[in-house]
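Beneath this line is the structure, given in structure tokens, with notes to follow.
The values are calculated or read from the model by the stated rules, or taken from the named source; none is laboratory data. Everything quoted here is computed from the prediction, not taken from an experiment. Counting neighbours? That spans all protein chains shown, and the Cβs are built from the backbone with ideal geometry, glycine included. When the accessible area is computed, the model is the full protein with side chains, heavy atoms only, and any ligands, DNA or RNA have been set aside. Shrake-Rupley method; radii C 1.70, N 1.55, O 1.52, S 1.80 Å.
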Amino acid sequence: MIPSWCLMDVLCKVPRKSQIDVSTSQLLLGDCLKVMKQLPDSCVDCIITDPPYNLGQFMHDRNTNLVKMRANQFAYAGWDNLDYKEWRLSMKKFLVECSRVLKKGGTLIVFMAVIKVSDIVNLSQGTKLYYKTTGVWHKTNPMPRNMNIHFVNSTESWIYFVNSDTSGTFNNEGKVVHDFLESSVCPLSEKKHGKHPTQKPLSIMKRLIELVTNPNDIILDPFMGSGSTCVAAAIMGRKYLGIELDEKYLKIAEARIKEL
């Protein structure tokens with residue numbers, strides 16, 4: 001049974017002066033850097049998120065015409081086209097905020113394109129984030145784009161940090177757990193309230209939450225999108241805070257939570 005507080009998602013604009021009450025699960029509309037500044041220090045147990053990869057302009061420059069292959073493809077959505085220097089500066093500020101709001105021993109998992117993993121690890125230097133490993137999500141049914149001329153892109157990386165410590169929660173139950181997750185891409189059944197171009201399947205999010213958090217922990221997703229992290233957190237008996245800049249996607253997340 002899902003705890004009642006997990007269903008208390010709130011579509012609201014962030015208060016300007018008062019700090020956000022992290023004891024209540026909620027969805028917040030706004031720029032994540034501005035919203036995170038209103039969170040208290042050491043207030044969340046885990047952050048799992050999927051920020052922009054800064055690949056939009058890169059793919060445009062290489063004349064990668066994905067728009068004909070996939071509606072709403074992220075490279076054509078507009079929010080992944082930051083200048084590289086601007087993206088690095090934003091990610092540095094983001095990682096500093098992550099370290100501030102995470103509790104000691106709290107976990108940060110960042111999904112990221114493999115060619116940007118070293119950027120994220122380097123940008124974490126100077127914070128209290130301790131780099132643990134880089135894992136892989138293998139998609140068993142990726143789009144077979146240009147399958148006759150090169151390898152089909154079927155993997156996505158995720159980077160695992162622990163804050164202010166070298167170890168945190170890891171519920172492996174004494175069993176070996178490889179840094180390798182496998183599933184299909186997000187099924188249509190999880191997109192019935194609307195689509196997001198980089199939506200992660202609940203099976204992957206639930207597995208990560210199971211491993212690195214405990215019941216009643218507070219999980220933050222600063223780049224929430226259509227809400228997979230928050231939905232999985234609610235299902236798994238955790239509290240959640242989701243931040244999303246685009247109200248269209250936030251409303252999709254709200255509908256998914258309400259369906260629970």
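Across segment 181-201, a minimum of one residue is classified as of a type outside the set (A, V, I, L, M), open to solvent by 50 Å² or more (accessible area, probe 1.4 Å) and under 17 Å from LEU27 (Cβ atoms). Total residues in segment 141-171 satisfying the condition of being open to solvent by 80 Å² or more (accessible area, probe 1.4 Å) and hydrophobic (A, V, I, L, M, F, W, C): the figure is 4. Of all the criteria given as (1) surrounded by 17 or more Cβ atoms within 10 Å (Cβ to Cβ); (2) of a type in the set (Asp, Glu); (3) within 20 Å of SER203 (Cβ to Cβ), the one not satisfied by GLU97 is (3).
Could you list all residues from segment 153-181 that are touching a Lys or Arg at 6+ places or on another chain (Cβ under 8 Å) and of a type in the set (D, E, K, R)? Talk me through it step by step, then tell me what you get.
Kept after step one, since they are touching a Lys or Arg at 6+ places or on another chain (Cβ under 8 Å), are these residues of segment 153-181: 153-156, 160-165, 181.
Hits for segment 153-181 are GLU156, ASP165.
For (1) farther than 26 Å from LYS175 by Cα; (2) more than 9 Å from the chain's Cα centre (by Cα); (3) not hydroxyl-bearing (Ser, Thr, Tyr), each residue gets a yes or a no:
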{"residue": "LYS195", "(1), (2), (3)": "yes, yes, yes"}
{"residue": "PRO201", "(1), (2), (3)": "no, yes, yes"}
{"residue": "ASN214", "(1), (2), (3)": "no, yes, yes"}
{"residue": "PHE223", "(1), (2), (3)": "yes, no, yes"}
{"residue": "THR229", "(1), (2), (3)": "no, no, no"}
{"residue": "ILE235", "(1), (2), (3)": "no, yes, yes"}
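Among the residues of segment 100-116, the one identified as hydrophobic (A, V, I, L, M, F, W, C), surrounded by fewer than 22 Cβ atoms within 10 Å (Cβ to Cβ) and out of contact with any Phe, Trp or Tyr (no Cβ under 9 Å at 6 or more places or on another chain) is VAL114. In the set ASP80, ASP61, ASP9, ASP45, only one residue is under 16 Å from the mean Cα position of the chain (by Cα) and either surrounded by fewer than 13 Cβ atoms within 10 Å (Cβ to Cβ) or modelled with pLDDT under 65 (or both); that residue is ASP80.
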